[in-house]
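Q: Have a look at this one before I ask anything.
The values are calculated or read from the model by the stated rules, or taken from the named source; none is laboratory data. Since we're looking at a predicted model, the values are computed, not measured. Cβ atoms come from the backbone with ideal geometry, glycine included; neighbour counts cover every protein chain shown.
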Amino acid sequence: MSGHIRTTILSFLSAALVLLGGSLSAIADSGLADPAKAAFADKLYRLDCGHSLANDESVWTPGENVGRSIAFSSTCWLIQRRNEWLLWDTGVPQSALNDPKGWSTLPKLIVYHLDKTITEQLAAIRLKPNDVTYVAISHTHGDHIGNVNLFPNSTVLMQRAEYEWISSPDGPNDNVNQLKALARKLLGTPKNLKLLDGDTDVFGDGSVTLVSTPGHTPGHQSLLVHLKNSGFIILSGDVVHLQENFEKNTVPSLNTDKAASIASMARIRQMIATYQAKLFINHDKAQSDTLKLLPAFYD
Ligand SMILES: [Zn+2]
């Protein structure tokens, strides 16, 4: 083959690959599973993964509520799909259990308390940490990955962008630098770590889908769950912290990318419309207090 022909073929092939990649990502962006074809997960349980008190709500609502304290919930979710289990986020470290001093990710701003362990909540439905196939984490803030180390045999699902971010050099925001250092410590080196590049259909049938929603952190993700009786439910991660922030498009000052945060909230709004989905907001205590708690479940 002459050099010229080889070059022509190679450039044709690479153009075709670019085209293919572009169209695949366009499909991924425009819609995840077809709502009419998505299979069902069996059960969705809410676990109490801690609660916290912050001394300045304006960190989450810039320009408003300066110096006002606010209480947040910390929520983990457990999903059964046939004989497999997926845990979504792992909450505040179990070492904080019943510690009156509490535990913190940013001691000057927020203190977390833990009243129940994940282990005892799993035991209430006769599960052990070893029964959990997947531990999927929305992002690497300490109140979401505090107990990843309880699941050494599970496959940890996180976005590659998140993993690369916590390993990257420090930036100008000290709070963010502190959060990254804590993330490296809490995450450690999981034995079975699967790094994802964007939206991921966990079981390959549309029942449970990780949805890329960057902005709070660079590799933040949310979770779309499909249930027979409850329909589609979106688990927020920290794409938004409070219902009011979602309504007003408010971006917390700790978020790493404001424009991406707004785009991710818009994406969630689009999904709510497409899937007729409910949005369960992890840290919105007023909402969380109204939701079913393990051993009760959504199906
Ligand atoms: Zn967070």
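Q: Can you pull out the residues in region 118-144 that are aliphatic (A, V, I, L, M) and touching a strand residue (DSSP E or B) at 6+ places or on another chain (Cβ under 9 Å)?
A: Scanning region 118-144 gives ILE118, LEU122, ILE125, LEU127, VAL132, VAL135, ALA136, ILE137.
Q: Another question, if that's okay. Being within 12 Å of the ligand (Cβ to nearest atom) and of a type outside the set (Gly, Ala, Ser) is the filter here, so list the residues in region 113-151 that pass it.
A: ILE137, HIS139, THR140, HIS141, ASP143, HIS144, ILE145
Q: Run down TRP103, TRP165 and say which single residue is farther than 23 Å from PHE72 by Cα and within 16 Å of the ligand (Cβ to nearest atom).
A: Sole residue among the options that is farther than 23 Å from PHE72 by Cα and within 16 Å of the ligand (Cβ to nearest atom): TRP165.
Q: Also, quick follow-up: Suppose we filter region 182-195 for residues that are free of Cβ contacts under 8 Å to residues at least 12 places away in the same chain and either surrounded by 13 or more Cβ atoms within 10 Å (Cβ to Cβ) or within 15 Å of the ligand (Cβ to nearest atom) (or both); how many remain?
A: Count: 0.
Q: Report whether or not THR274 is polar (S, T, N, Q), touching a residue at least 12 places away in the same chain (Cβ under 8 Å) and either closer than 19 Å to ILE79 by Cα or surrounded by fewer than 18 Cβ atoms within 10 Å (Cβ to Cβ) (or both).
A: yes
Q: Sticking with this structure for a sec: Is one or more of the residues making up region 5-28 more than 24 Å from GLY206 (Cβ to Cβ), at pLDDT below 95, crowded, with 19+ Cβ neighbours inside 10 Å and among the hydroxyl-bearing types (Ser, Thr, Tyr)?
A: Within region 5-28 (the criterion being more than 24 Å from GLY206 (Cβ to Cβ), at pLDDT below 95, crowded, with 19+ Cβ neighbours inside 10 Å and among the hydroxyl-bearing types (Ser, Thr, Tyr)), the answer is no, since none of the residues qualifies.
Q: Would you tally the residues in region 143-179 being closer than 20 Å to VAL92 by Cα and at pLDDT below 95?
A: Residues that pass the stated criteria total 5.
Q: Moving on to the next point. Can you find a residue that is within 17 Å of the chain's Cα centre (by Cα), within 16 Å of the ligand (Cβ to nearest atom), crowded, with 24+ Cβ neighbours inside 10 Å and among the aliphatic types (A, V, I, L, M) anywhere in region 224-238?
A: Scanning region 224-238, I find at least one residue that is within 17 Å of the chain's Cα centre (by Cα), within 16 Å of the ligand (Cβ to nearest atom), crowded, with 24+ Cβ neighbours inside 10 Å and among the aliphatic types (A, V, I, L, M), so the answer is yes.
Q: Go through region 277-295 and count every residue that is touching a residue at least 12 places away in the same chain (Cβ under 8 Å) and either loosely packed, with under 13 Cβ neighbours inside 10 Å or not in a loop (DSSP other than H, G, I, E, B) (or both).
A: Residues meeting the conditions: 10.
Q: If I ask for residues that are in contact with a Pro (Cβ under 7 Å, 6 or more places away or on another chain) and either assigned to a loop (DSSP other than H, G, I, E, B) or surrounded by fewer than 17 Cβ atoms within 10 Å (Cβ to Cβ) (or both), which ones from region 69-120 would you list?
A: Listed by number, the list holds a single entry, THR119.
Q: Find the residue count for region 245-271, including only residues that are free of Cβ contacts under 8 Å to residues at least 60 places away in the same chain and within 16 Å of the ligand (Cβ to nearest atom).
A: The total comes to 9.
Q: Being within 30 Å of VAL111 (Cα to Cα), touching a Gly at 6+ places or on another chain (Cβ under 9 Å), of a type outside the set (D, E, K, R) and within 15 Å of the ligand (Cβ to nearest atom): is that true of SER212 here?
A: Judged against the criteria, SER212 is not a match.
Q: Enumerate the pairs (first residue in region 225-241 and at positive phi; second residue anywhere and within 16 Å of the ligand (Cβ to nearest atom) and assigned to a strand (DSSP E or B)) with beta-carbon separation below 6 Å, excluding pairs fewer than 6 apart on the same chain, so at least 6 apart or on different chains.
A: Correct list of pairs: GLY237/SER222.
Q: Look at GLN178 and say whether it is over 21 Å from LEU235 (Cα atoms) and within 16 Å of the ligand (Cβ to nearest atom).
A: yes
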